[in-house]
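Colleague: I'd like to ask some things about the structure below.
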Amino acid sequence: MIRIDERPTSASPSRAFRIAADVERWPDILPHYRWVRFREKRDFGQGIVEMAAWRDFGGPLRWPTWWLSEMEADPDVPIVRYRHIDGITRGMDVRWEFVSTSGEGTLVRIVHEWDGPRWPVISGVAANHVIGPHFVSAIAQRTLAGVCAAAERAPGDLPRDGGQAHG
């Protein structure tokens, strides 16, 4: 399964990267995130991170999701990589890319690659027809919208990141 979700923003690549990589702040800017916490934090955007979000289906119907990832953020590229190491999406590779567009804008792209859950016979069908479009992509689209909106806010409203923010 390969899922690509992307969204343009008027924010610079470095600013969009900083907002996206400051995952501990996601529950403050993304109402569908239940929590995000580092189990092991090595540096800004580096370590083992636990994430939990709601997959809203409209009205009162929503499904809790959870996963654990190895996270690596590289501001020089800029790129954020995740390798899911626990949860139903174990083995999934995720890349957040920040591509400069004409002017001062950025195309923020999330690429999910995954062979599917370790379920005999139905793994590919589950990944490509249920989990990918109805959970992974649905949550990614809401996350992109919130991260891009936060990146477009006033420059003085940067995330807390030990003074490393720029953009």
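Colleague: Which peptide among 24-31, 120-127, 108-115 comes first, and what is the full order, when sorted by highest mean count of other Cβ atoms within 10 Å?
Modeller: Values: 24-31: 17.0, 120-127: 13.0, 108-115: 18.5.
Top of the packing list down: 108-115, 24-31, 120-127.
Colleague: Fewest to most neighbouring Cβ within 10 Å: what's the order for 98, 38, 57, 44?
Modeller: Working: 98 25, 38 15, 57 11, 44 18.
Exposure proxy ranking, most exposed first: 57, 38, 44, 98.
Colleague: If you plug each phi of the range 3-13 into the Karplus form 6.51 cos²θ - 1.76 cosθ + 1.60 with θ = phi - 60°, what whole-Hz ³J(HN,Hα) values come out, in order, with x for Gly and Pro?
Modeller: 10, 10, 10, 8, 7, x, 9, 7, 6, 5, x
Colleague: Rank the residues 1, 92 as a footprinting-exposure proxy: fewest other Cβ atoms within 10 Å of their Cβ go first.
Modeller: Details: 1 20, 92 25.
Listed from fewest to most nearby Cβ atoms, that is 1, 92.
Colleague: Taking neighbour counts of Cβ atoms within 10 Å as a proxy for exposure, in what order, fewest first, do 12, 69 appear?
Modeller: Values: 12 19, 69 23.
By the 10 Å Cβ count, ascending: 12, 69.
Colleague: In addition: Determine, from the Cβ-Cβ distance of residue 66 and residue 100 and an R0 of 22 Å, the FRET efficiency 1/(1 + (r/R0)^6), rounded to the nearest 0.05. Let's see the in-between values first.
Modeller: Values: r = 34 Å, r/R0 = 1.53.
The computed FRET efficiency comes out at 0.05.
Colleague: Which value in Å does the Kirkwood hydrodynamic radius of the range 2-151 take, with 1/r averaged over all unlike C-alpha pairs and then inverted?
Modeller: This gives a value of 15.6 Å.
The numbers here are math on the coordinates, done by the rules we state, and not lab data. None of these values were measured; they are calculated from a predicted model. Positions of Cβ are backbone-derived with ideal geometry, glycine not excepted, and every protein chain shown enters the neighbour counts.
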